[in-house]
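Okay, so here's the structure we're looking at.
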């Protein structure tokens, strides 16, 4: 009877051991996510390490230029005006391409092949080819700006140090809101306002004007009149001499525009915490994540009750699963960034819309990888410490097993 009970106790203890080994790596990951991903510090470090503030103006310039020259109706006529498409044309296209392919192309998930364009052509010839509308298009004067012009404008308005300060203050504000330390979140605009009203703003206006085609005499007269009356500016290039003459008027207008910009742009309006507020859900999830630490402790307690009888058995029964679980958690933490890179390369990058530069998308993915790397570093360190503790306990059990010399 005693032997049967001992076998049953060991079986239950082994089950608890397996459950401990399986749950501890998951719990360590969950706890680290809870502590790190709602802390602005990890994102600040990632932004700095990836040199986002120095790269961003150039990449945004490429994005704006590429987006303004992108012609959706020419590159993908199946996606062009798909929301306003007649049922007859849609049925024709679905019949020619197949429902799955039509949906994929209509949602602009990829560029159609030449064969798919040929399959869709009879439908468009019957019902009419789509044409892009001017609605939602950027102002014509912006299309004359090169990527270099946009980069200069952005660097003038928000140099890297100002962009970093703005981004970090915004992150602090946002996470303070999510952590219920503030009732709103906002983007500071004071630095941008100061630069817009200063020499940097005047330099931006000159860049905008010099990128335009030459003015006619009527356009010059209209430009002077609209500046004097605070009307809508005519964008054309009147020449360096006229630009120098108009500088005081430009400066006056910039000061007025700057004065009309608030000191901060509100991201989230102040509001009390009510039922259904997402912040309540976040705090509940964080509480559950913290309490998950109790789960492997319960399994250790079960091991203690059913298997531990002395110091030697305690060190052995605890040391082995702690060592194994720490090793599994360490291996998983080291593999996180590699798995992320595989997923991005295999699935995410091919889905980047054609009007977004690959470099910009890659920077976003690299930023996510850096944040994950910082998380995995801390997880790896914690896992290594836990593994060493388990290894020390296991070694201690072997030492305790030795009989003292007589």
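The values are calculated or read from the model by the stated rules, or taken from the named source; none is laboratory data. Everything quoted here is computed from the prediction, not taken from an experiment. Note that each Cβ is placed from the backbone with ideal geometry, even for glycine, and that neighbours are counted across all protein chains shown.
Checking each residue in segment 90-130 for being under 32 Å from the mean Cα position of the chain (by Cα) and in a loop (DSSP other than H, G, I, E, B) picks out 107, 108, 109, 110, 111, 112, 113. Total residues in segment 327-349 satisfying the condition of being out of contact with any helix residue (DSSP H, G or I) (no Cβ under 7 Å at 6 or more places or on another chain) and in contact (Cβ under 8 Å) with a residue 60 or more places away in the chain: the figure is 0.
Listed by position, the helices (runs of 4 or more DSSP H) contained in segment 154-226 that have at least 1 residues being over 21 Å from residue 255 (Cβ atoms), touching a residue at least 40 places away in the same chain (Cβ under 8 Å) and out of contact with any strand residue (DSSP E or B) (no Cβ under 8 Å at 6 or more places or on another chain) are 160-178. The residue that is surrounded by the fewest Cβ atoms within 10 Å (Cβ to Cβ), counting only those in segment 231-243 that are in a helix (DSSP H, G or I) and touching a helix residue (DSSP H, G or I) at 6+ places or on another chain (Cβ under 9 Å), is 240. Scanning segment 124-146 for residues that are touching a residue at least 24 places away in the same chain (Cβ under 8 Å), closer than 20 Å to residue 54 by Cβ and not assigned by TED's automatic domain parsing to the domain that holds residue 42 turns up at least one hit. Could we say that residue 23 is touching a helix residue (DSSP H, G or I) at 6+ places or on another chain (Cβ under 9 Å), under 30 Å from residue 303 (Cβ atoms) and part of a helix (DSSP H, G or I) here? Considered against the rule, which asks whether it is touching a helix residue (DSSP H, G or I) at 6+ places or on another chain (Cβ under 9 Å), under 30 Å from residue 303 (Cβ atoms) and part of a helix (DSSP H, G or I), residue 23 comes out as yes. Out of 48, 32, one residue alone is modelled with pLDDT of 85 or more, part of a helix (DSSP H, G or I), within 30 Å of residue 362 (Cβ to Cβ) and out of contact with any helix residue (DSSP H, G or I) (no Cβ under 6 Å at 6 or more places or on another chain). It is 48. Scan segment 288-323 for residues that are part of a loop (DSSP other than H, G, I, E, B) and over 40 Å from the mean Cα position of the chain (by Cα) and the total you get is 3. Any idea which residue in segment 257-282 is surrounded by the most Cβ atoms within 10 Å (Cβ to Cβ), counting only those that are part of a loop (DSSP other than H, G, I, E, B) and touching a residue at least 60 places away in the same chain (Cβ under 8 Å)? So, considering only residues that are part of a loop (DSSP other than H, G, I, E, B) and touching a residue at least 60 places away in the same chain (Cβ under 8 Å), the one surrounded by the most Cβ atoms within 10 Å (Cβ to Cβ) is 261.
Take residue 338 and tell me if it is part of a helix (DSSP H, G or I) and either assigned by TED's automatic domain parsing to the domain that holds residue 109 or surrounded by 14 or more Cβ atoms within 10 Å (Cβ to Cβ) (or both). So residue 338 does not fit the description; no.
Residue 406 meets all of the listed conditions (1) closer than 30 Å to residue 77 by Cα; (2) modelled with pLDDT under 80 but one, namely (1). Put simply, of 78, 111 the only residue that is crowded, with 20+ Cβ neighbours inside 10 Å, at pLDDT below 85 and more than 30 Å from residue 211 (Cα to Cα) is 78.
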